[in-house]
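Let me begin by presenting the structure, written as structure tokens, before commenting on it.
The values are calculated or read from the model by the stated rules, or taken from the named source; none is laboratory data. Keep in mind the model is a prediction, meaning the values are calculated, not measured. Backbone-built Cβ (ideal geometry, glycine too); neighbour counts: all protein chains shown.
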Amino acid sequence: MKIKLYDIAHSRAGDKGNTLTLSLIPYKPEHFALLQEQVTANAVKNHLKEIVAGEVTRYELLNLPALQFVCQQALTGGVTTSLTMDTHGKSLSFALLEMEVDVP
Amino acid sequence: MRERIRIGCGAGFSGDRLEPGLILAERGNLDYLVLECLAERTIALAQKRKRQNPSAGYDPLLERRIELLLPVLLANNVRLITNMGAANPLAAAQKVIEIARRLNLTVTVAAITGDDVFHQLTGDETALETGQSLASSGPLVSANAYLGADAILPALATDAQVVITGRVADPSLFVAPLVHELGWSLDNWEQIGQGTVIGHLMECAGQLTGGYFADPGRKEVTDMAHLGHPYVDVLADGTALFGKVEGTGGTLSLATAKEQLLYEVMDPGRYFTPDVIADFTQVRLQQAGPNQVQATGGRGQTRPETLKVSVGYEAGFIGEGEISYAGSNALGRAKLAGSIIQERLQEQFTDLRIDYIGSTSVHRTSFGHYPDPYEIRLRVAGRATTSQQAALVGEEVEALYTNGPSGGGGARKYIHEVVGIISTLIDRNQVTPTITLLRV
């Protein structure tokens, strides 16, 4: 069965220049393995292909547990010079949560 | 040396609410109150204001915040550390003195300067973002190095009750009082790493206590209208217990703390500040009670030899125009309007953006899931070199009233002057923080 990440995880977006950071935090720690396996850097890059032009790097925080995605060239020039509405990309946490994953 | 201190954070950005800081000062039992009010863009804009008026360039809300807080801070013996000095900490300190005089209060204010390195740069330095020289981005308007906790410590050794800085790394505003009060060492990477974790969790104020978190039905936050800002009790061994004032709204939980711990973190194992390269990957968060979270395990390794410099440059103007369409085929009519604007402006603008608010304006896509909405707002934005050119965007959108599709309404037009931000690195030995004490 396919579900949205929104159903099992939460996220906060942050920005540094033209780089977007997205956390992905499971509500239940037992869902972390599923996120680790399916929400790869490549899968996120593909899901956000209309938004992120550059590389996506994934960090695993086993201590929380959570994943952190760092997306390059994601904010069309950055906070101050971008023509987009959401220049910080602050709303993009919910773009990540639109991604679908398979659950047993 | 103290065994424990309590620091509150009453503002997490320049435009933050005033009331939570006042509640912390009144009822928080604080030793220190921090107000973090300075973003990269904020300081560049402040430098522009200072250029027009040498006594301007500090935070626009400074006067209102200080008038409200100063009597309470002094009565309760709470020290204030804030970066509201922005581009002009000296003028900000003088303004605090002026307010104290008006309120018949006695106060010592420390202004910390030295972050402004504009005159030390040639413009030939390489921008980290572009790989090109700074000057190739546009005429430079400001350059501020990120100072660390070491810049604040000498002020804490004086009798100053108010410490006003310009550009200081946000976590350093918290690391400084921890080092000063708990007898920590700036060279003890474990202490400074944990202090940086504490500062990072605190620096966005309400974002730790349930602000920017709620999603009704899924992520519930209590009484958001009265959202309280956080304080933290830190023990000499670094153990940090985060809480908020009894009776305030908001929610402080593992989930809110996790979101904030990772906020704007580019590499959780190597989080760079002027004080330390901190490691967040061993941090342990525990729910210690209702609205209480404990954090331990922040670490660090050495401090960077260079400081980051945030550089502002003139980036021209942005012109914007908006108009709404509603009812049947709203998106169709908005798209027709967008194509008309594109055709009318394409020769004057190389960088023109057309958004359909209500459909794809924020994420640039709707992931294919969502049907046409009942109403759509067309938004057009174009980059221009002059304000006259920028004005054309709004003029053409407004002209859709009589020269565009059926049923457009509520046209608005805007012009913004744009300051862009890039960054470079400077050797820390080239930056000399200075303290000026003012008294009344």
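Here are some notes:
- Restricting attention to the stretch B:31-59, the residues that are over 12 Å from the mean Cα position of the chain (by Cα) and surrounded by fewer than 24 Cβ atoms within 10 Å (Cβ to Cβ) total 12.
- Among the numbered conditions (1) under 25 Å from B:TYR271 (Cα atoms); (2) away from every other protein chain (no Cβ under 11 Å), the only one that A:HIS31 does not meet is (1).
- The helices (runs of 4 or more DSSP H) found entirely in chain A that carry 2 or more residues being closer than 29 Å to B:ASP355 by Cα are A:41-47, A:93-96.
- Selection status of A:SER11, in contact with a Ser or Thr (Cβ under 8 Å, 6 or more places away or on another chain), of a type outside the set (D, E, K, R) and facing another protein chain (nearest Cβ under 10 Å): yes
A quick yes/no check of all residues on (1) in a helix (DSSP H, G or I); (2) at pLDDT below 95; (3) within 19 Å of B:SER172 (Cα to Cα); (4) in contact with a helix residue (DSSP H, G or I) (Cβ under 6 Å, 6 or more places away or on another chain):
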site	(1), (2), (3), (4)
B:PHE13	no, no, yes, no
B:VAL34	no, no, yes, yes
B:THR42	yes, yes, yes, no
B:ILE66	yes, no, no, yes
B:ALA91	yes, no, no, no
B:GLN94	yes, no, no, no
B:ILE99	yes, no, no, yes
B:ALA111	no, no, yes, yes
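- B:ALA93 crowded, with 24+ Cβ neighbours inside 10 Å and under 28 Å from B:ASP187 (Cα atoms): no
- Candidates B:GLY114, B:GLY148 - the one that is on the phi > 0 side of the Ramachandran plot and of a type outside the set (A, V, I, L, M, F, W, C): B:GLY114
- Residues of the stretch B:208-242 satisfying the condition of being in contact with a Phe, Trp or Tyr (Cβ under 7 Å, 6 or more places away or on another chain) and crowded, with 22+ Cβ neighbours inside 10 Å: B:LEU208, B:PRO230, B:VAL232
- Residue in the stretch B:345-366 that is within 30 Å of A:MET99 (Cβ to Cβ) and away from chain A (no Cβ under 14 Å) present: no
- Close pairs (7 angstrom Cβ cut-off, 6 or more residues apart or separate chains): more than 14 Å from chain A (Cβ to nearest Cβ) in the stretch B:405-424, among the basic types (Lys, Arg) anywhere: B:PRO405/B:ARG333; B:SER406/B:ARG333; B:GLY407/B:ARG333
- Cβ separations smaller than 9 Å between residues 6+ apart or across chains give the following pairs from the stretch B:41-53 residues that are within 11 Å of another protein chain (Cβ to nearest Cβ) to residues that are of a type in the set (Phe, Trp, Tyr): B:THR42/B:PHE13; B:ALA44/B:TYR313.
- Scanning the stretch B:117-153 for residues that are assigned to a strand (DSSP E or B), touching a Lys or Arg at 6+ places or on another chain (Cβ under 8 Å) and buried (at least 21 other Cβ atoms within 10 Å of the Cβ) turns up B:SER142, B:ASN144, B:ALA145, B:LEU147.
- A residue that is more than 13 Å from every other protein chain (Cβ to nearest Cβ), touching a residue at least 60 places away in the same chain (Cβ under 8 Å) and of a type in the set (D, E, K, R) occurs somewhere in the stretch B:268-277.
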